[in-house]
Amino acid sequence: AAHAAIAYRHAQLYEQAQAQRNRLQAVVESSPLGIVFVEGASGYTFGNRAAEEVFGHAIAPAAGGDQYLAQFRRPDGQPVAGDELPSSRALRGEAVMGAELVLVRPDGSEVPVLANAAPIRDARGQVTGAVVLWQDITPLKLEQLREEFISMVAHELRTPITVITGYADLLARKQQGDMERRATESIRV
(Lines give C-alpha, C1' and ligand atoms only; values in the text may rest on other atoms or scores of the structure.)
Protein backbone atom coordinates (compact mmCIF):
# COMPACT_ATOMS: atom_id res chain seq x y z
CA ALA A 1 0.00 0.00 0.00
CA ALA A 2 2.85 2.39 0.85
CA HIS A 3 4.44 1.59 -2.49
CA ALA A 4 1.19 2.45 -4.31
CA ALA A 5 0.90 5.74 -2.38
CA ILE A 6 4.44 6.71 -3.38
CA ALA A 7 3.78 5.82 -7.03
CA TYR A 8 0.53 7.84 -6.93
CA ARG A 9 2.37 10.86 -5.43
CA HIS A 10 5.07 10.62 -8.11
CA ALA A 11 2.38 10.54 -10.78
CA GLN A 12 0.77 13.67 -9.28
CA LEU A 13 4.10 15.49 -9.15
CA TYR A 14 4.84 14.49 -12.74
CA GLU A 15 1.46 15.83 -13.88
CA GLN A 16 2.03 19.11 -12.01
CA ALA A 17 5.49 19.50 -13.50
CA GLN A 18 4.14 18.73 -16.97
CA ALA A 19 1.34 21.30 -16.55
CA GLN A 20 3.85 23.96 -15.43
CA ARG A 21 6.10 23.11 -18.36
CA ASN A 22 3.19 23.42 -20.79
CA ARG A 23 2.23 26.83 -19.34
CA LEU A 24 5.81 28.06 -19.57
CA GLN A 25 6.12 26.81 -23.14
CA ALA A 26 2.87 28.59 -24.08
CA VAL A 27 4.16 31.85 -22.60
CA VAL A 28 7.52 31.55 -24.37
CA GLU A 29 5.98 30.67 -27.73
CA SER A 30 3.36 33.44 -27.62
CA SER A 31 5.82 36.15 -26.54
CA PRO A 32 6.29 39.01 -29.00
CA LEU A 33 9.93 39.17 -27.87
CA GLY A 34 12.55 36.79 -29.15
CA ILE A 35 13.51 34.46 -26.30
CA VAL A 36 16.67 32.37 -26.48
CA PHE A 37 17.77 29.87 -23.82
CA VAL A 38 21.40 28.75 -23.73
CA GLU A 39 22.54 25.84 -21.57
CA GLY A 40 25.96 26.55 -20.14
CA ALA A 41 27.85 23.29 -20.32
CA SER A 42 26.47 21.95 -23.59
CA GLY A 43 25.81 25.20 -25.41
CA TYR A 44 22.41 23.75 -26.35
CA THR A 45 20.34 26.68 -27.60
CA PHE A 46 16.58 26.98 -27.94
CA GLY A 47 14.70 29.96 -29.35
CA ASN A 48 11.05 30.75 -29.82
CA ARG A 49 9.44 31.75 -33.13
CA ALA A 50 9.86 35.46 -32.39
CA ALA A 51 13.62 34.91 -31.95
CA GLU A 52 13.79 33.07 -35.26
CA GLU A 53 11.98 35.99 -36.92
CA VAL A 54 14.43 38.50 -35.43
CA PHE A 55 17.45 36.38 -36.41
CA GLY A 56 16.10 35.59 -39.86
CA HIS A 57 16.69 31.85 -39.53
CA ALA A 58 15.79 28.82 -37.42
CA ILE A 59 17.78 28.39 -34.24
CA ALA A 60 19.37 24.94 -34.29
CA PRO A 61 19.64 23.63 -30.70
CA ALA A 62 22.77 21.55 -31.25
CA ALA A 63 24.69 24.37 -32.96
CA GLY A 64 24.96 26.35 -29.73
CA GLY A 65 25.54 30.07 -29.43
CA ASP A 66 28.23 30.15 -32.13
CA GLN A 67 25.54 29.85 -34.80
CA TYR A 68 24.69 33.53 -34.45
CA LEU A 69 27.95 35.03 -33.22
CA ALA A 70 28.89 36.41 -36.66
CA GLN A 71 25.49 38.09 -36.97
CA PHE A 72 26.17 40.79 -34.36
CA ARG A 73 27.68 44.23 -34.67
CA ARG A 74 27.86 47.18 -32.34
CA PRO A 75 25.74 50.19 -33.34
CA ASP A 76 28.92 51.75 -34.80
CA GLY A 77 29.36 48.71 -37.10
CA GLN A 78 32.24 47.04 -35.24
CA PRO A 79 32.00 43.27 -34.67
CA VAL A 80 31.15 41.97 -31.21
CA ALA A 81 33.52 39.50 -29.56
CA GLY A 82 31.93 36.25 -28.41
CA ASP A 83 32.59 36.94 -24.75
CA GLU A 84 30.83 40.33 -25.06
CA LEU A 85 27.52 38.87 -26.26
CA PRO A 86 24.66 39.18 -23.77
CA SER A 87 24.37 35.37 -23.58
CA SER A 88 28.08 34.98 -22.78
CA ARG A 89 27.91 37.67 -20.12
CA ALA A 90 24.84 36.01 -18.56
CA LEU A 91 26.61 32.64 -18.57
CA ARG A 92 29.32 34.31 -16.47
CA GLY A 93 26.61 35.33 -13.97
CA GLU A 94 26.06 38.91 -15.15
CA ALA A 95 22.62 40.41 -15.75
CA VAL A 96 22.54 42.46 -18.96
CA MET A 97 19.97 45.21 -19.39
CA GLY A 98 19.34 47.19 -22.58
CA ALA A 99 22.35 46.15 -24.67
CA GLU A 100 21.89 47.72 -28.10
CA LEU A 101 23.30 45.75 -31.01
CA VAL A 102 22.80 45.42 -34.74
CA LEU A 103 21.90 41.97 -36.02
CA VAL A 104 22.89 41.13 -39.60
CA ARG A 105 20.45 38.60 -41.03
CA PRO A 106 21.52 35.93 -43.53
CA ASP A 107 19.88 37.98 -46.33
CA GLY A 108 22.17 40.92 -45.45
CA SER A 109 19.50 43.11 -43.88
CA GLU A 110 20.39 44.80 -40.62
CA VAL A 111 18.06 44.92 -37.63
CA PRO A 112 18.70 47.08 -34.57
CA VAL A 113 17.99 44.99 -31.47
CA LEU A 114 17.85 45.52 -27.75
CA ALA A 115 18.96 42.60 -25.59
CA ASN A 116 18.30 41.76 -21.96
CA ALA A 117 19.96 38.68 -20.51
CA ALA A 118 20.02 36.90 -17.19
CA PRO A 119 21.78 33.84 -15.82
CA ILE A 120 19.75 30.74 -14.96
CA ARG A 121 20.90 29.25 -11.66
CA ASP A 122 20.34 25.87 -10.07
CA ALA A 123 19.28 25.33 -6.44
CA ARG A 124 22.92 25.77 -5.29
CA GLY A 125 23.23 29.12 -7.09
CA GLN A 126 25.50 27.81 -9.84
CA VAL A 127 24.94 29.26 -13.33
CA THR A 128 23.59 26.49 -15.55
CA GLY A 129 22.43 28.57 -18.48
CA ALA A 130 21.18 31.91 -19.69
CA VAL A 131 18.02 33.43 -21.06
CA VAL A 132 18.21 36.32 -23.52
CA LEU A 133 15.31 38.50 -24.67
CA TRP A 134 15.74 40.06 -28.10
CA GLN A 135 13.59 42.97 -29.25
CA ASP A 136 13.61 44.40 -32.77
CA ILE A 137 13.75 48.15 -32.16
CA THR A 138 13.42 49.22 -35.80
CA PRO A 139 10.18 51.15 -35.08
CA LEU A 140 11.89 53.01 -32.23
CA LYS A 141 14.88 53.83 -34.43
CA LEU A 142 12.60 55.09 -37.21
CA GLU A 143 10.79 57.33 -34.71
CA GLN A 144 14.14 58.63 -33.45
CA LEU A 145 15.25 59.40 -37.02
CA ARG A 146 11.94 61.15 -37.71
CA GLU A 147 12.33 63.33 -34.62
CA GLU A 148 15.94 64.16 -35.50
CA PHE A 149 14.89 65.09 -39.07
CA ILE A 150 12.06 67.33 -37.86
CA SER A 151 14.38 69.01 -35.38
CA MET A 152 17.00 69.59 -38.08
CA VAL A 153 14.44 70.98 -40.55
CA ALA A 154 12.97 73.26 -37.88
CA HIS A 155 16.46 74.54 -37.04
CA GLU A 156 17.36 75.06 -40.70
CA LEU A 157 14.12 76.98 -41.37
CA ARG A 158 14.35 79.09 -38.23
CA THR A 159 17.45 80.96 -39.41
CA PRO A 160 16.16 82.14 -42.83
CA ILE A 161 12.75 82.96 -41.38
CA THR A 162 14.39 85.11 -38.70
CA VAL A 163 16.41 86.94 -41.38
CA ILE A 164 13.34 87.47 -43.58
CA THR A 165 11.32 88.74 -40.62
CA GLY A 166 14.10 91.14 -39.67
CA TYR A 167 14.37 92.60 -43.16
CA ALA A 168 10.59 92.89 -43.47
CA ASP A 169 10.45 94.83 -40.17
CA LEU A 170 13.27 97.10 -41.33
CA LEU A 171 11.56 97.68 -44.69
CA ALA A 172 8.26 98.46 -43.00
CA ARG A 173 9.86 101.03 -40.68
CA LYS A 174 11.94 102.69 -43.42
CA GLN A 175 9.24 102.96 -46.04
CA GLN A 176 6.17 103.54 -43.89
CA GLY A 177 5.71 107.16 -44.94
CA ASP A 178 6.55 106.69 -48.64
CA MET A 179 4.23 103.79 -49.42
CA GLU A 180 0.56 103.57 -49.86
CA ARG A 181 -1.41 101.96 -47.08
CA ARG A 182 -1.98 98.60 -48.84
CA ALA A 183 1.75 98.11 -49.54
CA THR A 184 2.62 98.97 -45.92
CA GLU A 185 0.04 96.44 -44.70
CA SER A 186 1.48 93.76 -47.02
CA ILE A 187 4.99 94.31 -45.65
CA ARG A 188 3.65 94.14 -42.09
CA VAL A 189 1.93 90.80 -42.81
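The values are calculated or read from the model by the stated rules, or taken from the named source; none is laboratory data. Nothing here was measured: the structure is a model prediction, and the numbers come from that model. Heads up, the Cβs are rebuilt from the backbone with ideal geometry, glycines too, and the neighbour counts pull from every protein chain shown. Each accessible area value is taken on the protein alone, full model and side chains, heavy atoms only, with ligands, DNA and RNA left out. Shrake-Rupley method; radii C 1.70, N 1.55, O 1.52, S 1.80 Å.
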Enumeration of residues in region 70-91 that are more than 15 Å from Gly108 (Cα to Cα), under 15 Å from the mean Cα position of the chain (by Cα) and among the basic types (Lys, Arg):
Arg74
Within region 19-38, track down each residue that is at pLDDT below 85 and out of contact with any helix residue (DSSP H, G or I) (no Cβ under 8 Å at 6 or more places or on another chain).
Ala19, Gln20, Arg21, Asn22, Arg23, Leu24, Gln25, Ala26, Val27, Val28, Ser30
Residue list for region 118-129, filter: in contact with a strand residue (DSSP E or B) (Cβ under 8 Å, 6 or more places away or on another chain) and either not in a strand (DSSP E or B) or not hydrophobic (A, V, I, L, M, F, W, C) (or both)
Pro119, Arg121, Asp122, Thr128, Gly129
All-but-one check, Ala50 against (1) under 28 Å from Arg92 (Cβ atoms); (2) modelled with pLDDT under 85; (3) aliphatic (A, V, I, L, M), failing number (2)
Taking the stated definitions as given, is Ile187 modelled with pLDDT under 90, open to solvent by less than 70 Å² (accessible area, probe 1.4 Å) and either among the basic types (Lys, Arg) or more than 15 Å from the chain's Cα centre (by Cα) (or both)?
yes
